[in-house]
Each structure stands twice: as structure tokens, then as C-alpha cells.
Amino acid sequence: MSRNRMRSVIPIVAVSAGFLLVSHSTAHAYIDPGTGGMLLQLLLGGIAGSLVIIKLYWHRLRQAVGRLFGGATKTEKADTD
């Protein structure tokens, strides 16, 4: 998108967002228990996925930290023996 076209779109978006913020109405809605369970499952799945990625890259992470602080890790010492 060109810069001039983007400059013409920004005011339209700003006015639209302002209109939506001003013209709000009361929402008669609730979050059912299924939604809470889905959000909990999403959170726990994200944590589990992060832990798996950390486990997969643990060796590389240890080597990087070892190089950063100037010390050799146990595996690097074993390789030199």
C-alpha cells in the first residue's frame, strides 16, 4: 500500500473506531463454562508447548549461555578429553 493511500485510509479508520466507541450499547451476554474451559486448555497447551520447545533446545541454550559467560559446559569439557 502506498504512503499516500495509507494517509487517506487512516482518518477513515479513526472516525470509524471513534463512532464504534461512542455508539456502544449495553451487552446482555455472559461467558459460559465451556468458554472458560477452552481458555484454560489454551493456556495449559501453550505452557506445555513452551516447555517442549525449551526441552528440545536445552543443549543449544546451555552452550549459548556458557559462551556468553565464558565457561565451558559439561558436554564441552567431555568433548575435549
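Residue 7 passes every criterion in (1) at pLDDT 85 or above; (2) loosely packed, with under 10 Cβ neighbours inside 10 Å; (3) charged (D, E, K, R) apart from (1).
Filtered by the rule that a residue be part of a helix (DSSP H, G or I) and exposed (fewer than 10 other Cβ atoms within 10 Å of the Cβ), the stretch 31-41 gives 33, 34.
The values are calculated or read from the model by the stated rules, or taken from the named source; none is laboratory data. Predicted model only: the values in this text are computed from it and were never measured. Cβ sites come from the backbone with ideal geometry, for glycine too, and all protein chains shown count toward neighbours.
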